[in-house]
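Please read the structure below before turning to the comments.
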Amino acid sequence: MPEFNDDVLILVGHGATDRPAARDSATFIAETLRERRLFKAVHAGFLKHPPFAKDLLKAADGRRVFLVPHMAHAGFITRTVIPRDLGLDNDTRPVYLCDPVGAHPAIPQLIRDRLEASLRAHGIDSLTCAVILVGHGGGPNGVSARHTQTLADTVAARG
């Protein structure tokens, strides 16, 4: 297993200035990873509100810094906004922009497992209900819509 004891991990979330709860998921994941002590430091930073990812990156004192977008898929935010807003082109340290959390191949099965557990907990037969997977809208290129549809199709195909 690779060693990350001298490295810093920053989960980068979009955040929302009008909804403080928008940071809860990324913060929870960062806390959980921090407890595992795999990295020198683990933080959750955001583009729209404090703690700002750019400030955490500037203060990061690891041998390497890993930025993991807390996003559903790679798109405009991960490919353009994060590198631009965090000044990645100007950072001389080893900083790695990783694939977003939602790109992990286990995500469709995780969604399926969570859905089945929720239905069981509420006594709902999966054959008597419909599920709507809601994705964040996207710009004019439709990448978010296509990703959400592909994810929904994959979850549905699993059972």
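Every read-out reported here was derived from the displayed coordinates using simple, explicitly stated rules and does not represent laboratory data. Being a predicted model, the structure only gives us computed values, none of them experimental. Here the Cβ positions follow ideal geometry from the backbone for every residue, glycine too, while neighbour counts run over all protein chains shown.
Tabulated data
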{"item": "Calculated from backbone phi, Karplus (6.51, -1.76, 1.60) coupling profile of the stretch 62-75 in Hz, x at Gly/Pro", "result": "x, 4, 9, 10, 10, 9, 10, x, 8, 10, 6, 6, 7, x"}
{"item": "Under-5 Å amide H pairs with residue 63, H placed in peptide plane, nonlocal only", "result": "7, 8"}
{"item": "Efficiency of FRET from Cβ geometry, residue 90 and residue 6, R₀ 22 Å, rounded to 0.05", "result": "0.45"}
{"item": "Alpha-carbon centroids, the stretch 100-136 and the stretch 6-33: separation in whole Å", "result": "22"}
{"item": "Cleavage-rule hits (trypsin sites (Lys or Arg not before Pro)) in the stretch 95-154: DSSP loop, at most 16 neighbouring Cβ within 10 angstrom", "result": "none"}
{"item": "Vicinal HN-Hα couplings computed from phi for the stretch 94-111 (Karplus, 6.51 cos²θ - 1.76 cosθ + 1.60; Hz; Gly/Pro x)", "result": "x, 10, 10, 8, 8, 5, x, 3, x, 7, 4, x, 7, 4, x, 5, 4, 4"}
{"item": "Computed [θ] at 222 nm, helices only, for the chain once each DSSP H run of length n ≥ 4 contributes -39500 (n - 2.57)", "result": "-10000 deg cm²/dmol"}
